[in-house]
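What follows is a short report on a single structure.
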Amino acid sequence: MQPLIQKIQSLQPLTEAETAAFTELMEYKSLKAKEFFVTEGKYCNHIAIIINGFMRTYHIDEAGNEITSGFGAPGSFTSSYYSFYSRKPSFEYIQAITDCEALLLSYNNLQQLYSHSFNINVLGRKIVEQSCISKELYLKQMISLKASDRYKWFMDEYPEVNRIAQLQHIATFLGIKPETLSRIRGKAIS
């Protein structure tokens, strides 16, 4: 719990009472590898803070292919933010790619915290801001870099994920074919 509190305090300092209220409303959840945190068409009622393990977010395209759009690592926040905040069904999946442990905060509990604490409001805003910034940086890399440079960026940003994620998940995240990623990896090793 201490690393989580440090992470939260680094984003927005909270009083002891605010920290206690925040942590008191969290639920522990463990997921086995391949287990889903969120599925398409269902409501996402929680934000997860990953304690251990890794998750990936993906969408299904019109041909039925899984397209990875994000990875969650220890210390990161993950949710189907569209579903969570709009209170509408999710259009994405979030799945554990390793065994995971997470702390969950429900929508209703978050709203309760927001109504009682300015600092927790600011914390929530900063988490959403980080998510928006990460998505924009990701889009910038996908649009402006050639495939080999996207892979270099990925290795810098997600070194742990690079070691444990399946080749096709990384390839779809980078917008390239798995065989192209294999060639790029081969050149990087030699």
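Taking all protein chains in place and a 1.4 Å probe, what share, in percent, of the accessible surface of the range 139-190 do carbon and sulfur account for?
54 percent
Between the beta carbons of K42 and R183, assuming R0 = 35 Å, the FRET efficiency works out to 0.40 to the nearest 0.05. What the Cα atoms of the range 141-190 give is an Rg and a Dmax of 9.8, 27 Å. Under 5 Å from the amide H of G70 lie the amide H atoms of T57, each residue being 5 or more positions distant or on a separate chain, with H modelled from the backbone and absent for Pro and chain starts.
Once you charge only the Cβ atoms, +1 for Lys and Arg and -1 for Asp and Glu, what is the size of the charge dipole of the range 1-103 about its Cα centre, to the nearest 20 debye? Provide the component values of the computation, followed by the final result.
Numbers: 8 positive and 12 negative charges, 11 e Å.
The calculation lands at about 60 debye.
Placing +1 on each Lys and Arg Cβ and -1 on each Asp and Glu Cβ, with no other charges, gives the chain a dipole about its Cα centre of roughly 560 debye.
When Rg and the Kirkwood radius Rh are both evaluated on Cα atoms of the chain, their ratio Rg/Rh stands at 0.99. Averaged per residue, the range 54-93 has 43 square angstrom of accessible surface, using a 1.4 angstrom probe with ligands and nucleic acids left out. Between A33 and D99, C100, the built amide H atoms are under 5 Å apart, and every one of these is 5 or more places off in sequence or on another chain. Put simply, the C-alpha atoms of the range 1-101 give a gyration tensor, and the ellipsoid matching it has half-axes of 27, 15, 11 Å, longest first.
By how many nm would the segment from Q2 to K34 grow when fully extended, if each residue of separation counts as 0.36 nm and the alpha-carbon distance is taken off? The partial results should precede the final answer.
Details: separation 32, 0.36 × 32 = 11.52 nm, distance 2.73 nm.
Gain on extension, Q2 to K34, equals 8.8 nm.
Give the shape of the range 49-104 as rounded, prolate or oblate, defined through the alpha-carbon gyration tensor: a ≥ b ≥ c are the square roots of its eigenvalues, a/c under 1.5 means rounded, and otherwise the shape is prolate if a/b is larger than b/c and oblate if not. In terms of gyration-tensor shape, oblate.
Simple point charges give the picture: +1 on the Cβ of Lys and Arg, -1 on the Cβ of Asp and Glu, and for the range 82-183 a dipole about the Cα centre of about 340 debye.
Over the range 76-131, with every protein chain in place, what whole percent of the accessible area is carbon and sulfur at 1.4 Å, could you tell me?
So the carbon and sulfur contribution to the accessible surface is 53 percent.
Here's how it looks for V38: its modeled amide H is under 5 Å from those of I94, which are all 5 or more places away or on a different chain. The residues of the range 120-190 present an accessible area of 62 Å² per residue when probed at 1.4 Å with all protein chains retained. Picking from N109, S148, L123, whose Cα lies most toward the positive end of the charge dipole for the range 97-190 (charges on Cβ: Lys, Arg +1; Asp, Glu -1)? Checking the options against the dipole of the range 97-190, the answer is S148. Here the Karplus relation 6.51 cos²θ - 1.76 cosθ + 1.60, evaluated at θ = phi - 60°, turns the backbone of the range 95-112 into coupling constants of 10, 5, 9, 9, 4, 10, 10, 9, 10, 10, 10, 6, 4, 5, 5, 5, 4, 4 Hz, with x for every Gly and Pro.
Give the range of the longest stretch in the chain that excludes all trypsin sites (Lys or Arg not before Pro) found in loop regions by DSSP and having at most 14 other beta-carbon atoms within 10 Å. Longest stretch, sites excluded: 88-145. Relative to one another, the C-alpha centroids of the range 5-39 and the range 70-92 are positioned 14 Å apart. In order along the range 135-149, the Karplus-derived 3J(HN,Hα) couplings, from 6.51 cos²θ - 1.76 cosθ + 1.60 at θ = phi - 60°, round to 5, 5, 4, 4, 4, 4, 5, 5, 7, 9, 9, 6, 3, 5, 6 Hz, and Gly and Pro are given as x.
For the range 1-91, state which chymotrypsin sites (Phe, Trp or Tyr not before Pro) are in a DSSP loop and have at most 14 other beta carbons lying within 10 Å of their beta carbon.
In loop regions of the range 1-91 (DSSP not H, G, I, E or B), the sparsely surrounded chymotrypsin sites (Phe, Trp or Tyr not before Pro) are F91.
A 1.4 Å probe run over the protein chains yields, for the range 1-48, 62 Å² of accessible area per residue, whole-number rounding. On full extension, the segment bounded by R163 and A20 gains 47.9 nm, given 0.36 nm per residue less the C-alpha separation.
If a/c stays under 1.5 just call it rounded; otherwise compare a/b with b/c (prolate if a/b is bigger, oblate if not). Do that for the range 10-52, with a ≥ b ≥ c from the square roots of the Cα gyration tensor eigenvalues. If you can, show how the numbers build up before the last one.
Numbers: a/c = 2.65, a/b = 2.11, b/c = 1.26.
Prolate is the answer for the range 10-52, as a/c is 1.5 or above and a/b outweighs b/c.
Measuring against 23 Å, Cα to Cα, the residue pairs K126/K146; K88/K135; K32/K88; K7/K29 contain K126/K146; K32/K88 as the ones spanning a longer distance.
The values are calculated or read from the model by the stated rules, or taken from the named source; none is laboratory data. What you see is a predicted model, and the numbers here were worked out from it, not measured in a lab. Positions of Cβ are generated from backbone atoms using ideal geometry, with glycine treated the same way; all protein chains shown enter the neighbour counts. Note: areas computed on protein heavy atoms with side chains; ligands, DNA, RNA excluded. Shrake-Rupley method; radii C 1.70, N 1.55, O 1.52, S 1.80 Å.
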